[in-house]
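Contents: one structure, followed by commentary.
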Amino acid sequence: MLLDLLRELTESGQKAIVFTQFREMGELLVSWIGERLGTEPDFIHGGVSVKKRQEMVDRFQNDPEDRVMVLSLKAAGTGLNLTAASAVIHYDLWWNPAVEDQATDRAYRIGQSKNVMVYRFICAGTFEEKINEMINSKKEIAELTVQKGERWLGDLSKSELRSFLSMTSG
């Protein structure tokens, strides 16, 4: 599914950044993407020097032929501006949604002039699916804080409050 999506994006002239939480998976992704698209993307991970990282970012931002970049979540969490991307793909989930949001923000920077689509890959029936359920429930709880719409715990029905306070899902 990832390779089909990347082919579709690149054939339409769009650029994509692909996040993984594992260096080994990133290396596999680089190989698979290279085989499918005919050119291996750069891969930013913790072992890449600051100078080399900047060269990769500059190439992605400025070279119209450089359409895909793979990044590890930890190495790409701060300081990168990748506004050339019109697609952000989270290949495997991170348990902390703030880390994913921060990674997604690499494409949402000053200078971004296009819409950005965000894709999250989740394998049904796996631990990833459970992580996704947990992340979504955390987001629901966070939305109960004072924000636009201001929904307070006191506004919940008894069953919603019981579910909220329950230590088990469902």
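I need the peptides 46-52, 68-74 ranked by packing, meaning the mean over residues of other C-beta atoms within 10 angstrom, with the highest value on top.
Averaged packing, sorted descending, gives the order 68-74, 46-52.
Hey, could you grab the Kirkwood Rh for segment 1-108? Inverse mean 1/r over distinct alpha carbon pairs, Å, one decimal.
When all Cα pairs of segment 1-108 are included, the Kirkwood radius is 13.6 Å.
Read the figures in this text as sums done on the coordinates, not as results from a lab. Computed from a prediction, not measured in an experiment: that's the story for all the values here. Cβ sites come from the backbone with ideal geometry, for glycine too, and all protein chains shown count toward neighbours.
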